[in-house]
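Okay, structure first, notes after.
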């Protein structure tokens with residue numbers, strides 16, 4: 001609805017009244033806060049209620065009203081709880097309404113669902129292989145899981161008339177539980193809006209399911225028919241719309257303004273990373289260190305919405321980077337270095353290029369710095385970018401001629417995001433020069449009026465003028481001549497985002513050679529400009545005085561195996577800049593949830609017995625135990641194949657050279673449950689009596 005008769009002065013008067021009288025407990029902020037210039041926060045809905053003398057609107061409408069009047073409104077991170085019983089459907093979400101499930105449901109994201117019986121017992125979904133966690137289908141699948149027997153015993157006619165969904169009391173009641181997708185489509189049309197439940201007998205239940213609330217009717221009907229008094233289904237959810245703004249609360253003035261709502265994250269380790277900035281997971285092979293690192297990255301980047309990198313948007317995927325160290329990895333791969341390049345004339349040369357970490361940090365740094373810029377600065381930058389793009393797109397590379405103040409004629413041969421390559425035919429000494437795009441941009445964005453080439457020297461803080469200055473001045477003047485309409489900006493600031501860099505097998509590289517002077521910059525206590533440094537190749541930068549720093553929104557995760565004998569011990573200077581977290585072999589057993597229940601239980605049993613046996617070997621310890629990641633191979637391999645092809649070769653490496661090596665391996669194989677068929681046959685043959693002993697003596701040939 002539109003809130004009438006409210007203007008900016010009404011809101012300001014309401015704020016004064018609230019300052020005098022306070023906010024009643026029942027009107028405390030739940031979802032949106034109006035934030036004033038001095039940082040004070042007021043419940044958005046209560047402010048509009050006071051200003052308008054009415055309260056028949058919801059908090060989202062109050063938010064829209066305030067933003068329309070030019071006020072800043074901050075979204076709180078609220079989780080809602082929906083409770084379904086046989087008799088009622090209740091939500092802590094004020095915008096939830098049984099009368100309009102369709103509209104609200106499309107705006108919500110499920111976080112968790114569970115069934116609680118009358119005696120307090122809680123039941124979660126038993127996920128099957130490849131089933132995604134916490135989707136719109138989790139809650140109805142729990143209902144099927146609990147009442148599968150009762151639904152199966154219903155007649156076909158009863159199942160086809162089973163209530164599934166009704167978005168409002170006046171809308172059509174959708175019915176039908178079918179035995180397959182084809183049967184569902186035959187009765188419900190060629191629609192993809194369905195849920196498939198895999199029954200224990202190998203058959204299926206297929207029924208309508210679309211948004212998060214579309215199966216409330218189905219769940220409630222199950223409770224009515226099959227449940228007991230006091231049983232309930234609980235769904236925890238939150239708004240999808242918060243995803244745009246929730247990554248990190250906007251920074252306003254300084255590094256200290258970075259406020260991260262760690263309660264939004266679903267992974268416990270995510271909170272550790274946010275607080276420590278740098279962590280390293282160490283532990284036995286196969287404990288899921290790399291798998292966990294990717295889960296954390298997805299959790300942090302999506303602000304708790306996803307636990308898989310595959311689910312992230314293309315833009316979000318640029319906020320995470322993965323690299324694996326090895327003995328030949330060096331500074332030029334990681335930070336920056338000279339790389340071979342073919343010049344325009346066909347000759348070979350070298351070009352300074354950024355490494356993977358520096359490129360990643362530069363993306364994060366741009367976002368970090370943009371989040372601190374005002375509306376006016378952002379508008380100016382966008383205008384400059386548009387002017388530069390227009391200029392370079394309208395010239396004919398290699399043909400359009402320009403002249404310097406001294407009459408030197410040149411043309412632009414190529415342009416990329418960093419460099420402008422120019423050709424100077426009349427120059428006997430230097431035919432080609434590379435200019436900096438960033439220098440041109442800085443000149444255009446500044447309020448300085450450049451009237452002569454010497455002005456550039458002062459602007460860039462150069463002791464002496466350079467040849468590049470003459471050509472940069474000409475390009476600057478050419479772009480300034482173009483009239484570009486100002487760019488309208490829809491938001492005053494850019495949202496600060498999280499960036500996660502994962503280094504797998506971090507201890508397999510020569511750390512000091514790879515990081516170089518970045519030891520100082522990655523220190524959590526020296527993030528930002530207070531930790532800026534000059535890199536090894538700073539003298540080759542377009543601006544030799546340029547400094548490099550790692551902003552506060554960059555988080556680093558490393559993984560390492562302590563028993564890896566291919567490298568020396570981890571650099572002590574680096575150790576104190578990371579928080580080390582040990583993952584025991586049994587700490588990540590939840591990884592096996594992707595396996596079928598029978599295989600999962602057998603895998604956990606065998607893994608436990610094998611690891612117990614490993615601890616009995618004199619020279620082995622917990623660092624040599626086998627983690628659950630190995631057992632994920634059971635999706636393709638049998639238990640015996642897993643032993644012969646994966647576990648046995650690894651364990652043989654561990655015990656190589658030990659006294660009684662064969663006996664140790666036999667003991668470990670028995671603990672795992674592997675029976676060597678060849679060895680059994682050999683044992684049987686050894687136990688058989690010698691048939692020759694029972695034969696009569698051979699006749700002498702003498």
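What follows is calculated from the coordinates using simple rules that are stated; it is not laboratory data. Because the structure is a prediction, the values reported are computed rather than measured. Every residue, glycine as well, gets a Cβ built from its backbone with ideal geometry; the counts of neighbours run over all protein chains shown.
Where does each of 659-671, 497-509 land if you order them by average Cβ count within 10 Å, highest first? Display every interim value, and only then the final one.
Values: 659-671: 15.0, 497-509: 22.5.
Per-residue Cβ counts within 10 Å, averaged per peptide and sorted highest first, yield 497-509, 659-671.
Order 269-281, 405-417 from most to least packed using the mean count of other Cβ atoms within 10 Å.
Details: 269-281: 19.5, 405-417: 13.7.
In decreasing order of mean packing, 269-281, 405-417 become 269-281, 405-417.
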Per the helix-only model, the chain has a calculated mean residue ellipticity at 222 nm (DSSP H runs of ≥4, -39500 (n - 2.57) each, divided over all residues, rounded to the nearest 500) of -10000 deg cm²/dmol
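Classify the range 8-75 from the C-alpha gyration tensor, please: rounded if a/c falls under 1.5, else prolate or oblate depending on whether a/b exceeds b/c.
Working: a/c = 1.15, a/b = 1.02, b/c = 1.12.
Rounded is the answer for the range 8-75, as its axis ratio a/c remains below 1.5.
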Quick shape check on the range 80-243: root eigenvalues a ≥ b ≥ c of the Cα gyration tensor, a/c under 1.5 is rounded, otherwise prolate if a/b tops b/c, else oblate, and it reads rounded
May I ask for the Kirkwood hydrodynamic radius of the range 574-677, worked out over all distinct Cα pairs and given in angstroms to one decimal?
14.7
Efficiency by 1/(1 + (r/R0)^6): what FRET value for residue 374 and residue 28, r their Cβ-Cβ distance, R0 = 25 Å, to the nearest 0.05?
0.20
The extension gain from residue 131 to residue 19, computed as 0.36 nm times the residue separation minus the Cα-Cα distance, is 35.2 nm
How big is the range 1-128 in terms of Cα radius of gyration and Dmax, in angstroms?
18.2, 58
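Could you give the length gained by full extension between residue 670 and residue 118, i.e. 0.36 nm per residue of separation minus their alpha carbon distance, to one decimal place?
Values: separation 552, 0.36 × 552 = 198.72 nm, distance 4.51 nm.
Going from the current span to full extension adds 194.2 nm.
First check a/c for the range 373-481, with a ≥ b ≥ c the square roots of the eigenvalues of its C-alpha gyration tensor; if it is under 1.5, answer rounded, and if not, answer prolate when a/b is larger than b/c or oblate otherwise.
Working: a/c = 2.07, a/b = 1.34, b/c = 1.54.
Cα axes put the range 373-481 in the oblate bin.
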Along the Cα-to-C-beta direction of residue 362, a point sits 7 Å from the Cα; which residues of the range 399-424 have their amide N less than 11 Å from that point?
417-419
Largest to smallest principal axis extent of the C-alpha atoms in the chain, angstrom
118, 96, 52
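Using per-residue counts of other Cβ atoms within 10 Å, averaged over each peptide, order 113-122, 599-608 from highest down. Walk me through the intermediate numbers first.
Details: 113-122: 13.8, 599-608: 17.2.
Ranked from most to least packed, the peptides come out as 599-608, 113-122.
Taking 0.36 nm per residue of separation and subtracting the Cα-Cα distance, what length does fully extending residue 106 through residue 276 add? Mind showing how you got there, number by number?
Working: separation 170, 0.36 × 170 = 61.20 nm, distance 3.62 nm.
Full extension of this stretch gives 57.6 nm more.
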With N set to the residue count of the range 511-613, report its C-alpha Rg divided by 2.2 N^0.38 Å to two decimal places.
1.64
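If you take all C-alpha pairs in the range 280-394, what percent of them are over 20 Å apart? Could you put the intermediate results ahead of the total?
Values: 4390 of 6555 pairs.
Considering the range 280-394, 67 percent of its Cα-Cα pairs are separated by more than 20 Å.
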